[in-house]
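**Q** Quick one: the structure is below, questions incoming.
The numbers here are math on the coordinates, done by the rules we state, and not lab data. Just so it is clear, the model here is predicted, and its values are computed rather than measured. Quick reminder, even Gly has a Cβ in these numbers, built from the backbone with ideal geometry, and neighbours come from all protein chains shown.
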Amino acid sequence: MAPKFDLPQIIPVFPLTGALLLPRSRLPLHIFEPRYLAMLDDALKSPARMIGMVQPCHDCSPSAKQGDRLHRIGCAGRVTQFSETEDGRYMITLTGISRFRIVDEVEGFTPYRRCHVSWDGFDRDLGNEEHDEGFDRQPFLNALCRYFTQRGLETDWDTLEGADDELLINSLSMLLDLDPEDKQALLEAPCLCTRRETLVTLIEYALRGGNDGEEIMQ
């Protein structure tokens, strides 16, 4: 559903490799660096309480310094929970609102980075929960079980089997140990169906040990 606040044209951005936030999903974060403590303090003072999660990009324009390069698409989340530890660190939860496209970076005096962003093209993010009409769940869960077994992972299968399409696909996209560029591909998927197809491809690739081969989702 559409947020009860205006989407700002300038947002603070938190570059974090491998961190994925998706609309209507929740991302816990541990904030301790002084610049990001300042970012959180400023975000909490704003009506939107919004922080943009974006991944550093190692294959972007060579004209940018390595540490400055950012992927153009990220996802903004609203700070919906936070608690302070005795030594001044914060545990926060971001709830995903919408993806955005970086227009340019704002030059200024804040210790953290800020960007002009465009929300155009991401109307789906502000709508209702998505459903994946073509989702054949059992083969997907079978492959996921093999993936977890291969890596010695455990999970609550009853919860996974009962989860709605969007919760299941987005949670796995965020939580599985995937390469940063794979996480970015999942973020940029235009719809839930495409994200599921991308996730299936990544799981199959991992089960084959990173080698091309025939489809193994059975």
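**Q** Please go through (1) outside any loop (DSSP other than H, G, I, E, B); (2) over 19 Å from His71 (Cα atoms); (3) among the hydrophobic types (A, V, I, L, M, F, W, C) for Ile11 and return the number of the only condition it doesn't satisfy.
**A** (2)
**Q** For the range 101-218, please list each of the helices (runs of 4 or more DSSP H) lying entirely inside it that holds at least 1 residues being of a type in the set (Gly, Ala, Ser), closer than 22 Å to Arg26 by Cα and touching a residue at least 12 places away in the same chain (Cβ under 8 Å).
**A** 165-175, 180-188
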